[in-house]
1. What nm distance separates the two modelled labels at residue 73 and residue 91, each placed 7 Å from Cα along Cα→Cβ?
2. Hey, with R₀ at 22 Å, roughly what FRET efficiency would residue 167 and residue 32 work out to, going by the Cβ-Cβ distance, to 0.05?
3. Which is farthest toward the positive dipole end of region 52-102 among 52, 88, 98, measuring Cα position about the Cα centre, with Cβ charges +1 (Lys, Arg) and -1 (Asp, Glu)?
4. Restricting attention to region 6-82, which GluC sites (Glu not before Pro) occupy a DSSP loop and are surrounded by at most 15 other Cβ atoms within 10 Å?
5. Between 184, 166, 148, whose Cα lies farthest towards the positive end of the dipole of region 144-208 when Lys and Arg beta carbons carry +1 and Asp and Glu beta carbons carry -1, centred on the Cα centre?
6. For residue 37, which sequence-distant residues (separation of 5 or more, or a different chain) have an amide H within less than 5 Å of its own amide H, given hydrogens modelled in the peptide plane?
7. So how tilted is helix 89-118 from the main axis of the chain? Cα-based, degrees 0 to 90, rounded to 10.
8. Once you charge only the Cβ atoms, +1 for Lys and Arg and -1 for Asp and Glu, what is the size of the charge dipole of region 83-163 about its Cα centre, to the nearest 20 debye?
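Values in this text are rule-based calculations from the coordinates and carry no lab data. Worth saying up front: this structure is predicted, and the values here are computed from it rather than measured. Cβ placement follows ideal geometry from the backbone for every residue including glycine, while neighbour counts extend to all protein chains displayed.
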Amino acid sequence: MDIFASRIVCGECGAYYGSKIWHSNQAKYRRIIYRCNQKYGGDKPCSTPHVTEEQLKQGFVAALNKLISKRDDIIAGLTEGAEILYDTTALEAEKKRLWGEMCVLAEMVQAAINENAHVALDQKEYQKRYDELASRYDRVKAEHDKVAGQIATLISTKTAAQQFIGTLKGLPQKVTAFNPETWGKLLDHATVCTDGSIRFTFRNGIEI
């Protein structure tokens with residue numbers, strides 16, 4: 001698996017970088033480079049240069065060491081107020097309330113259907129009533145699903161922050177070699193600029 005796939009971004013057009021093989025017919029000179037996948041897809045080629053795996057690894061290690069130098073402040077910033085920031089108590093209560101309302105409306109819809117099946121009703125009146133109940137149910141369900149999504153996002157964000165802190169805490173004072181696992185856990189993406197420099201954006205939002 002290519003750990004750099006979908007992680008390197010062109011600073012000019014925003015497309016991902018992909019791996020390309022140079023001199024594939026000459027084993028002696030064969031090497032893999034990474035280049036903007038849309039470099040020649042527009043009216044003019046992107047001016048961002050290609051980068052090698054070694055450039056990416058060395059750049060990441062350098063950026064990581066700068067991140068480590070700010071480790072205490074970063075961890076404090078992510079930890080401070082986390083209990084309040086990621087608290088889902090109010091959302092859970094709202095989700096429960098909406099679920100209860102959904103259940104009541106579902107019972108009302110079913111009761112209307114059963115009544116229509118056993119009693120001669122004005123079908124226009126029945127259809128109007130059914131449509132109103134179904135519409136109310138759909139609205140409440142949409143609200144319920146929205147709240148459930150907010151809860152899931154908070155839980156996911158909290159878990160990611162905890163994993164980020166755990167990985168950052170476990171690093172030595174200075175990193176000397178590239179580690180694919182650290183790359184995967186701490187980095188969000190890397191951006192190749194037109195001047196050839198590489199900016200590394202970590203999962204906590206810090207860019208180096």
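1. 3.0
2. On the way: r = 27 Å, r/R0 = 1.22.
Step by step, r from the Cβ atoms, then E = 0.25.
3. Farthest along the dipole direction, towards plus: 52.
4. Details: sites: 12, 53, 54, 80; in loops: 12, 80.
Here the GluC sites (Glu not before Pro) that fit, given the DSSP loop and packing criteria, are 80.
5. Of the options given, the answer is 166.
6. Placed amide hydrogens put 16, 17, 18 under 5 Å from residue 37.
7. 40
8. 120
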